[in-house]
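These notes are about the structure you will find just below.
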Amino acid sequence: MSSMPDPSQPLAEEFRRHLDTFYGRLKLAPPYDSVEKAVRVLVAAVRALPEEERRRVLVDPVARWELFRQAFERSGLAKKHRGIIAGLARNRASLDLPADYDHFLNLFV
């Protein structure tokens, strides 16, 4: 049985794009050190998954966003800009973010 290629890099790139969108739409400078830490946390989490779970994450957006949320939280990003983002999250309708980003925003409310 051949093992699948390492999906951590494409997922890391997707996660980084989501973080850029998240902070860009909130008009906040991303905390770069914490963003890099979050990407490293995600890569480690993906590599620790059993192969079957890695396959699922690649095709299941819900599972992928759950991994993104966990990396966001575990890396400490949910503690950065906390007061500002919590204030913005209270008026969710005014934010120009797709609903998937609630995975991040909900960590601030």
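The values are calculated or read from the model by the stated rules, or taken from the named source; none is laboratory data. Everything quoted here is computed from the prediction, not taken from an experiment. Cβ coordinates were reconstructed from backbone atoms using ideal geometry, including for glycine residues, and neighbour counts include every protein chain displayed. These accessible areas exclude ligands, DNA and RNA; they are computed on the full protein's heavy atoms, side chains included. Shrake-Rupley method; radii C 1.70, N 1.55, O 1.52, S 1.80 Å.
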- Message: How much length would be gained if the chain were fully extended between R55 and A93, taking 0.36 nm per residue of separation minus their Cα-Cα distance, in nm to one decimal?
- Response: 10.3 nm
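What percentage of the solvent-accessible surface of the chain, computed with a 1.4 Å probe over protein heavy atoms, is contributed by carbon and sulfur atoms?
The nonpolar share, carbon plus sulfur, comes to 53 percent.
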- Query: Once you sort the root eigenvalues of the Cα gyration tensor of segment 30-109 as a ≥ b ≥ c, which label holds: rounded (a/c under 1.5), prolate (a/b larger than b/c) or oblate (the other case)?
  - Reply: oblate
- Query: Once you list every other residue whose beta carbon is under 11 Å from the beta carbon of T21, what net charge do they have if Lys and Arg are +1 and Asp and Glu are -1?
  - Reply: -1
- Partners for K37 among lysines (Cα-Cα distance below 16 Å; same-chain residues under 8 apart left out): K79, K80
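Under a 1.4 Å probe, what is the accessible area of the chain per residue, stated in Å²?
That works out to 58 Å² per residue.
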- Message: Could you work out the relative contact order of the chain? I mean the mean sequence separation of Cα pairs under 8 Å and 6+ apart, divided by the number of residues, in percent.
- Response: 30 percent
- Item | Positive minus negative residues near K37 (Lys, Arg vs Asp, Glu; Cβ under 13 Å) | +2
- Note on the structure: Using alpha-carbon positions, the gyration tensor of segment 23-68 gives root eigenvalues a ≥ b ≥ c; with a/c under 1.5 called rounded, otherwise prolate if a/b exceeds b/c, else oblate, the class is oblate
